[in-house]
Every structure is written in structure tokens, then in C-alpha cells.
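**Q** Sending over a structure as C-alpha cells; questions will come in a sec.
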Amino acid sequence: MAFECQESTEISKNLANYSESNHSSYNSAPENLETSKPSLDFNPKKGISSFYGSKQLPPNDVFTNARRSITDLPPALVSEILNCLDPKELGIISCVSTILHNIASEHHVWKEFYCERWGLPVASGLLGAGASDEKSWKKLFVERDFRSKTFLGRCSIDVLYGHTEAVRTVFLLASAKLIFTAGYDSVVRMWDMEEGLSIASSQPLGCTIRAVAADTKLLVAGGTDGFIHCWKAVESLKHLFDLKGVEKQNKEFRLWEHEGPITSLALDLTRIYSGSWDMTVRVWDRSSLKCTQVLRHGDWVWSLVPHDTTVVSTSGSDLFLWETNTGTLLNVIHNAHVGNTYALARSRTGDFLFTGGEDGAIHMFEIISGSDESSVVQVATWIPHSGAVYSLAFEFPWLVSASSDGKLALIDVRKLLRASKRTLGKRVSRDNDIDQRNIEPPQRMLHGFGCNLFSVGIGADRIVCGGEEGVVRIWNFSEALEIEQRARALRGIRLENRMRRRRLQIEMNNKGGRTDQCSVAAKKKTVNGDRNSVWHSKRSISSKVKT
């Protein structure tokens with residue numbers, strides 16, 4: 001980890017000449033070193049070599065000044081250097097030495113890496129206030145990254161029956177281990193994610209439910225009659241929401257202002273977002289339950305996804321980027337797909353956007369925020385389906401798509417993202433022109449089911465999907481996680497045993513060095529070996545004397 005300047009070759013030659021010419025004088029007159037002082041003159045044109053131009057500096061000091069480790073730098077500078085690394089590079093740095101391992105393992109950037117990809121951990125939303133003492137952020141990051149690889153392993157499929165008609169929307173609330181589904185039968189159902197059992201179902205709402213969204217405080221469902229049906233969470237309930245309305249009547253209400261069917265819903269901490277076939281996206285304040293912004297489009301709104309103060313929506317075949325506080329249109333991408341653009345997904349940092357359309361294609365865009373305007377640049381394209389893509393879901397690094405051809409596609413976008421200090425990637429690893437040949441195809445396809453898969457969700461080692469069949473399917477990858485954990489434990493045991501055998505072998509070799517030397521000498525002078533040896537010649541002489 002030594003730092004080298006641009007003139008390192010010239011410096012090394014000067015140091016070698018210096019050491020050869022002054023080694024004798026340095027040994028003969030050490031008393032001169034006490035009174036001598038090194039020259040601190042620096043000439044920027046001559047470089048660092050002018051610093052070592054003094055004949056009075058001892059060679060040992062020259063070499064210690066010429067080669068320094070990163071640990072010799074100030075802690076603040078080391079922290080800034082580590083901030084520029086991605087998780088893989090930071091892990092490599094931690095393997096160099098014990099000092100760098102301690103610095104890199106406890107660095108605060110691991111918390112940023114984790115939150116950028118998956119948000120705060122579900123079990124401990126207050127990590128850093130005491131809960132982080134048990135596990136460091138690096139361990140949490142490594143465990144979560146390991147879990148994300150299980151989607152390529154073995155899985156089991158659970159089928160949930162309950163809906164009498166097609167399922168139009170599914171929503172996976174991983175933090176509460178709940179699944180919400182709705183469809184043509186106008187009933188919202190709540191399922192236990194772990195057991196796959198039905199917990200509760202609402203009364204028929206009177207129309208098709210095409211959109212559902214939820215967090216731990218609020219559940220919303222959008223109907224084709226233009227209303228948003230809402231349930232507030234009940235603290236005394238284990239499963240948060242009283243869909244049947246038994247506990248408290250004031251926990252259930254409706255919002256009316258749309259003039260057409262509601263096709264998409266989303267929530268954040270302070271707002272409710274709704275899109276409709278009345279060609280508008282409405283932004284609602286969660287505390288006052290009033291509409292604060294109306295974003296008007298030129299065609300039916302199919303999907304929307306918010307992040308911070310911006311929201312992206314699809315209308316017809318076009319893609320719109322809005323500023324929600326002022327209602328300003330920041331950017332438009334016309335004809336993003338051939339036909340309607342049905343599906344949207346967005347990374348947690350909001351920098352990357354994924355779209356799915358009627359042409360069966362999936363596009364990846366990067367949103368670059370500038371001082372004056374925000375630009376949207378296409379990064380990659382996949383065509384994994386033969387039918388329209390109706391739904392997309394994203395959890396780093398997996399993008400999942402549901403299509404009318406009855407297939408699910410799993411795409412790993414990790415290689416298309418280049419991590420930086422505070423985002424998943426302000427830049428994308430691409431040249432000026434996109435080389436589509438370098439884009440990897442989907443890593444896995446899940447198929448063998450009926451046509452028209454309308455909605456998909458991903459989270460907590462599971463993929464949930466609903467479609468025209470009227471059933472909800474859950475792909476459970478926790479079995480693959482257990483198998484991989486056992487395999488990793490066995491690999492660790494094998495490695496530990498191998499290292500133990502190696503240490504024992506080294507100890508035995510060190511202890512048996514003398515006996516090995518004796519055995520070598522014995523082999524050179526064997527008793528029953530060569531008849532011309534000294535032993536046999538002396539024996540023949542003594543026999544002649546006796547005779």
C-alpha cells in the first residue's frame with residue numbers, strides 16, 4: 001500500500017547513487033549527523049528529488065520518507081479515501097492488514113451502502129442508537145448481499161386460493177410480513193407471508209380494484225369507480241389493519257376526486273399518489289387528506305413511482321418526470337415503448353428507472369439531476385417476453401417482470417450500476433454509445449403457468465405474483481438460503497481443518513529437523529548398500545589380518 005509519485009523511477013536512482021556514494025562517509029563520521037540538518041527546500045519544477053539533494057540526510061531516513069503506508073495519513077484523509085470505494089473494493093482493503101481491517105470494517109460508509117440499496121433494516125429501524133452494537137453495518141451488509149444471491153437457487157411454490165376472479169394487483173409489505181391482493185371480485189385480501197394463510201378480507205367495495213399500496217401506517221386501494229379506499233393501522237392489532245371494520249369505524253374512509261378508474265397508487269411518509277384514466281396524477285397530503293397537486297397528462301395514466309420530491313408517471317407510450325412540490329414538468333420521453341407503457345419501477349436512490357411496455361421490452365434509464373434541469377438517459381434494454389409487460393418490481397439487485405405470456409423474468413442489474421459515495425451510481429458503466437451486446441440476458445425465467453400475469457412483487461426472499469387465473473403464487477427462496485448457508489458453513493469447516501493440518505505439519509517439520517538430517521546421513525552411508533563403502537573395506541582388512 002505504498003504511495004509512489006510520478007517521478008519514483010528518478011528518485012529511486014538518485015537514492016541508490018546517494019547511498020553508494022555516502023555509505024562510507026556515513027559509517028566513518030557519525031558524529032556529523034547530530035549537527036547536520038536536512039534541507040527543506042522544495043522546487044516544484046524539479047519535483048521531490050530536490051528535497052533529497054542534501055548530502056547530510058542519512059539513507060535510512062531517506063527510505064522511510066520515500067515509502068509511507070496509507071495508515072500514516074491523517075484519519076480524516078483516510079476516511080475520505082475509503083468513501084470513494086465501492087463495497088467490493090472496501091472489502092479487499094480490509095484484507096490487507098489488521099490495521100486496515102479495523103478501519104475498513106468499522107467505517108461509516110457501510111451504513112450508507114446498506115441504506116442506499118435496501119433502506120433501514122426491518123428488525124431495527126433505529127440502528128445506530130444501540131441496536132448496532134450486536135452487529136456491525138458491514139456484517140449486516142454482507143448478510144443482506146448474500147441473501148440477494150438466493151434468487152438463483154432452489155425455491156418452493158405456494159398457491160393461495162381465495163379470490164373468485166382474476167387478481168389485478170399484489171403488494172408485498174415485507175416489514176410486516178404481509179401480502180395484500182385485490183382484483184375483479186372487488187375484495188381486498190390480507191395474507192400471512194410466512195404461512196401463506198388468509199388473515200382477513202374486506203367487504204366487497206363495489207368495483208374492480210386495480211391498485212393497492214401500503215406501509216405500516218396506512219393501506220390504500222383504488223377502484224374503477226374513481227375512489228381511494230383507505231384503512232388506518234390499528235396499534236392493538238397484530239396484523240395492523242382491520243379490513244372488516246370490526247374494531248373502530250373511524251379507521252376506514254374514502255377519498256373522492258378522480259373522474260375515472262384508478263390504475264396506480266403509491267405512498268411515502270407525507271403523501272399519497274394516485275394515477276387514473278382521467279389523465280391525471282393527484283398528490284394528496286396524508287395528514288389533511290386533501291389533494292395538493294394535480295399533474296395533467298394527455299392520455300391514460302398507467303403507472304407511477306415517486307421518490308423524494310419527484311414522481312415519474314407513464315401516460316400512453318410516454319414517460320413523464322414531475323416535481324411534486326410545484327407541479328413542474330422536468331422532462332418527457334416520448335414513445336418510450338411501441339404501444340402503451342404499462343409498468344414502472346425505480347431504485348431506492350431514485351437515480352435509475354425501469355419501464356415495461358406493450359412491446360414486451362424492458363428499458364433501463366438513468367435520471368441525471370442538474371442545476372437547471374433533469375435529463376433521462378437510456379442505459380439498457382431487454383426483450384425477455386413475447387407479450388406485454390404488465391408489472392415490474394425492483395429490490396437491489398433484482399428486477400422482476402410479469403408479462404401476458406405467463407412468465408416472470410429475473411434480471412440482475414448489479415453490473416450496470418457503479419457505486420459512488422452516496423448513490424447506487426451517479427454514473428453508469430457505459431461509453432458514449434450503448435453496446436447492447438454487453439447487456440446480459442435475464443438470469444432466470446419462471447414459467448409454466450397461465451397467461452396474463454398482471455402484478456408482481458419482490459422482497460424477503462420471496463416473489464409474489466397474481467394473474468388471470470385468480471390465484472396468488474409465492475416463490476419462496478428461503479430454502480435456497482438455508483442450503484447455501486449450510487454449504488458456506490461446510491466450506492468454512494473444511495478450510496479450518498486444512499489450515500489446522502498445515503500448522504501441525506509445519507510444527508512437525510520444525511521439531512523433526514534433526515531426525516531428518518540423521519536420516520539423510522544414514523541414507524548416504526547405508527550398511528547393506530554399496531559394497532565399496534568404507535565400512536565394508538575396513539571389515540575386509542580386519543578379516544585378512546585375522547587370517
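**Q** Segment 133-238: D in µm²/s via Stokes-Einstein (Kirkwood Rh, Cα pairs, 20 °C, 1.002 mPa s)?
**A** Reported coefficient: 136 µm²/s.
**Q** How much area per residue is accessible in segment 207-354 when the probe is 1.4 Å and only protein heavy atoms are counted (Å²)?
**A** 42
**Q** Whenever you get a sec, compute what percent of the accessible area on segment 182-314 sits on carbon and sulfur atoms (1.4 Å probe).
**A** 47
**Q** Here's a follow-up. Which peptide among 79-86, 205-212, 304-311, 492-499 comes first, and what is the full order, when sorted by highest mean count of other Cβ atoms within 10 Å?
**A** Final packing ranking: 205-212, 304-311, 79-86, 492-499.
**Q** OK, next. Considering only C-alpha atoms, what is the centroid distance from segment 194-248 to segment 365-398, in Å?
**A** Result: 30 Å between the Cα centres.
**Q** Expressed as a rounded percentage, what relative contact order does segment 288-419 have, with Cα pairs under 8 Å and six or more residues apart?
**A** Worked out over segment 288-419, it gives 15 percent.
**Q** Could I ask something else about it? Filter the cross-link list Lys139/Lys177; Lys217/Lys251; Lys244/Lys290; Lys88/Lys149 down to pairs whose alpha-carbon distance in this structure exceeds 18 Å.
**A** Lys139/Lys177; Lys244/Lys290
**Q** Between Asn83 and Ile493, what length in nm is gained on full extension when 0.36 nm per residue of separation is reduced by their alpha carbon distance?
**A** Result: 144.2 nm gained on full extension.
The values are calculated or read from the model by the stated rules, or taken from the named source; none is laboratory data. Model, not experiment: these values are computed from the prediction. Cβ sites come from the backbone with ideal geometry, for glycine too, and all protein chains shown count toward neighbours. Protein only, heavy atoms only, side chains kept; ligands, DNA and RNA dropped before computing areas. Shrake-Rupley method; radii C 1.70, N 1.55, O 1.52, S 1.80 Å.
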